[in-house]
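The structure appears below as structure tokens.
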Amino acid sequence: MFRMAEYYAGKSVLITGATGFMGKVLVEKLLRSCPEVKALYLLVRPKAGQSMQQRVSEMMTCKLFDRVREDDPDFHRKIIPISSELTQPGLAISPQDGEKLASCINIVFHCAATIRFDEPLKHALQLNVIATQQLLSLAKQMHHLEAFIHISTAYANCNRKHIDEVIYPPPVEPRKLIESLEWMDDGIVRDITPRLIGDRPNTYTYTKALAEFVVQQEQDQLNIAIIRPSIVGASWQEPFPGWIDNFNGPSGVFIAAGKGILRTMRANNDAVADLIPVDVVINLTLAAGWYTAVHRPKSALVYNCTTGGINPFHWGEIEHHVISSFKRNPLEQAFRRPNANITSNYLINQYWILVSHKFPAFIYDLFLRLSGQKPQMMRIFNRLHKAIGLLEYFSSQDWEWNSENLNMLMSQMTPEDRKTFNFDVRQLNWPEYIENYCIGTKKYVLNEDMSDIPAARQHLRKLRNIRYTFNTVLVVFIWRVFIARSQMARNIWYFVVSLCFKFLSYFRASSTLTN
Ligand SMILES: CCCCCCCCCCCCCCCCCC(=O)SCCNC(=O)CCNC(=O)[C@H](O)C(C)(C)COP(=O)(O)OP(=O)(O)OC[C@H]1O[C@@H](n2cnc3c(N)ncnc32)[C@H](O)[C@@H]1OP(=O)(O)O
Ligand SMILES: NC(=O)C1=CN([C@@H]2O[C@H](COP(=O)(O)OP(=O)(O)OC[C@H]3O[C@@H](n4cnc5c(N)ncnc54)[C@H](OP(=O)(O)O)[C@@H]3O)[C@@H](O)[C@H]2O)C=CC1
């Protein structure tokens, strides 16, 4: 059987979205585990005043590439950035670059997308659907293309409860939608978006579903596979545990909880939290690239890349492990001690938002104002509420994904490849993974030093003392205001105290008897 690294040896690979979270891990893994790969062509756009060359050079200095750098300090010679803005006609690739790509590329990995949940429909359509169409056209001109791998999402069909590894009919014919939106101004598109997306929660899942259909249209002319990851989280094992570089999906929620800002969120404790580590997704993607090129399935194969059906873990458990992990390894300058409750009850959540989010934010902002500083906490909470409001759809229900193709793929790999490109999530130990994930957000997203943990713990102790003092003052205040002034309140109070006293005496007496 062909080993995967042998297959990738001498191959030229085209990657879109290489500067993104998953793209970077894909580039790193290809360079590290397939060292004979010939060249990686990355479609990159200039951004934020940086040229595409500068962006790629900066990316390669990132800690993620430390292991590759150790193995091969000259690894960057294999990386060839190609200037491309995916929302432009022809992907804004120069004719020379177009010719070069047509003559040398063997495999395409299409990762680029807008993953924002609040993206205006026109823009999401432009990037997630039209750019995919254009990339497919470019792929059809590639003389030596062996596989085209498209990264979709497990939630592209989240309007269904059970999702098979098939491409479902699209909610609308993409071509018709593109034609009709062309003449509409942004205001009209905004007004009709809820009607168009129907029972999907956002433009992201809607356009990703359309993109799958667009990809499927080319299955007679290209060897295609579609990867559908669920909620992609920090790495499990590679290149090192806990690597993560963004606030997307659960990461922002974890950080907000670790900072003691997020205290409540609407989620179903018993619903499956379908997190999937980024290295698992990338290993599966590379395996799918190899299988598609070598075995050339007759039609596009879809791989649901999820954990829920194989090794389920629930939001309630995630909450418990995130909070205890951040208590052991606190973030610096936490606003309050980490302590979050998730609930599926709307009213309870609203109550805790008021008591645990808005009230402390108001008090803190008042303190800032009085000390001559700019208030900021209410603004942070408003942004947080907007973000978690968009995520609640995914944390309040479960889905079932079939994973037959994933199992088939695993069975086709050699035992060595199964180790090198491991995507067997049965071995995933969730508490350990969540611990590394939380530490990863601290180290790689917030760039905090692990040596500062004793000081961060000291800060948490200070916050705990402030809380105890505040609670004591509150109790004394309530006592003074209500109890001391009303006979009835006093009677109730004495009744409660005497009841507690009786209970205590009873337990003391019964424990003396048993001894
Ligand atoms: C104990 C807890 C237990 C919890 C249990 C429950 C957990 C539930 C988690 C559910 C996750 C569900 C995910 C579903 C994923 C579907 C899978 C996919 O296919 S798709 C893939 C998934 N796709 C997604 O996840 C996309 C979702 N995200 C969005 O759509 C948008 O970001 C937005 C609408 C939420 C905010 O838009 P907007 O207001 O315009 O804000 P910007 O975006 O412009 O960011 C501004 C700045 O703020 C920064 N920052 C961000 N968050 C935080 C934070 N929490 N804190 C601090 N900072 C944060 C951010 O880095 C940026 O910094 P800079 O660069 O300026 O320096
Ligand atoms: N993260 C997740 O939880 C999940 C992600 N997915 C899918 O995985 C893929 C990768 O996601 P992820 O890495 O998280 O996303 P990121 O947002 O981190 O990366 C997106 C990439 O797309 C590129 N891109 C966006 N717009 C353009 C453009 N106009 N021209 C050129 N390049 C552009 C970005 O480049 P730039 O740096 O220039 O902005 C970036 O490299 C996506 O297809 C997504 O749908 C699926 C399931 C879950």
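The values are calculated or read from the model by the stated rules, or taken from the named source; none is laboratory data. As the structure is a prediction and not an experimental result, all values here were calculated from the model. As a convention, Cβ positions derive from the backbone with ideal geometry for all residues, glycine included, and neighbour counts pool all protein chains shown.
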**Asked** Has segment 343-358 got any residue that is without any contact (Cβ under 8 Å) to a residue 60 or more places away in the chain and under 25 Å from HIS162 (Cβ atoms)?
**Response** no
**Message:** For segment 377-395, give me each residue that is touching a helix residue (DSSP H, G or I) at 6+ places or on another chain (Cβ under 7 Å) and exposed (fewer than 15 other Cβ atoms within 10 Å of the Cβ).
**Reply:** MET378
**Request:** Inspect segment 24-44 for any residue being buried (at least 19 other Cβ atoms within 10 Å of the Cβ) and either acidic (Asp, Glu) or farther than 28 Å from ARG228 by Cα (or both) and give the result as yes or no.
**Result:** yes
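Among the residues of segment 245-260, are any within 28 Å of ASP417 (Cα to Cα) and in the same structural domain as TYR364 (by the TED database)? Quick ask: steps written out before the conclusion?
The first filter runs over segment 245-260 and keeps only residues within 28 Å of ASP417 (Cα to Cα), leaving 245.
Checking the rest, the ones that are also in the same structural domain as TYR364 (by the TED database) come to 245.
Taking every residue of segment 245-260 in turn, at least one turns out to be within 28 Å of ASP417 (Cα to Cα) and in the same structural domain as TYR364 (by the TED database).
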**Complete:** Filtering segment 240-261 for residues that are more than 13 Å from ligand 1 (Cβ to nearest atom) and either buried (at least 18 other Cβ atoms within 10 Å of the Cβ) or assigned to a helix (DSSP H, G or I) (or both) leaves a count of 3
**Asked** Quick one: what pairs do we get from segment 149-161, first residue within 14 Å of ligand 1 (Cβ to nearest atom), second of a type in the set (Ser, Thr, Tyr), C-beta under 6 Å, 6+ apart or different chains?
**Response** ALA154/SER230; ALA154/THR306; TYR155/THR205; ALA156/THR205; ASN157/TYR168; CYS158/THR205
**Request:** Could you tell me whether any residue of segment 34-55 is in contact with a helix residue (DSSP H, G or I) (Cβ under 7 Å, 6 or more places away or on another chain), within 21 Å of TYR444 (Cβ to Cβ), touching a residue at least 24 places away in the same chain (Cβ under 8 Å) and more than 10 Å from ligand 2 (Cβ to nearest atom)?
**Result:** no
**Request:** Could you tell me which of the residues SER505, SER451 is assigned to a helix (DSSP H, G or I) and surrounded by fewer than 10 Cβ atoms within 10 Å (Cβ to Cβ)?
**Result:** SER451
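Looking only at segment 387-400, count every residue that is farther than 27 Å from ASN311 by Cβ and either modelled with pLDDT of 95 or more or more than 6 Å from ligand 1 (Cβ to nearest atom) (or both) and tell me the total.
Within segment 387-400, the first condition is being farther than 27 Å from ASN311 by Cβ, and the residues that meet it are 387, 389.
Next cut, either modelled with pLDDT of 95 or more or more than 6 Å from ligand 1 (Cβ to nearest atom) (or both) only: 389.
Residues in segment 387-400 being farther than 27 Å from ASN311 by Cβ and either modelled with pLDDT of 95 or more or more than 6 Å from ligand 1 (Cβ to nearest atom) (or both): 1 in total.
Return the residue satisfying two criteria in turn: it lies in segment 105-141 and is of a type in the set (Val, Ile, Thr) and under 26 Å from ARG200 (Cα atoms), and of such residues it is nearest to ligand 1 (Cβ to nearest atom).
To start, the set of residues in segment 105-141 that are of a type in the set (Val, Ile, Thr) comprises 105, 107-108, 114-115, 129-130, 132.
Filter once more, so that each one left must be under 26 Å from ARG200 (Cα atoms): 114-115, 129-130, 132.
Values: THR114: 9, ILE115: 4, VAL129: 15, ILE130: 19, THR132: 15 Å.
The selected residue is ILE115.
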**Request:** Scan segment 224-270 for residues that are within 16 Å of ligand 2 (Cβ to nearest atom), of a type in the set (A, V, I, L, M, F, W, C) and within 30 Å of GLU70 (Cα to Cα) and report the count.
**Result:** 6
**Request:** Determine which member of the set ALA156, ALA139, ALA124 is touching a Lys or Arg at 6+ places or on another chain (Cβ under 7 Å) and more than 7 Å from ligand 2 (Cβ to nearest atom).
**Result:** ALA156
**Prompt:** Which residues, taken from segment 178-216, are modelled with pLDDT of 95 or more and of a type in the set (S, T, N, Q)?
**Reply:** THR193, ASN202, THR203, THR205, THR207, GLN216
**Asked** Is there a residue in segment 212-233 that is assigned to a loop (DSSP other than H, G, I, E, B), within 13 Å of ligand 1 (Cβ to nearest atom) and in contact with an Asp or Glu (Cβ under 8 Å, 6 or more places away or on another chain)?
**Response** yes
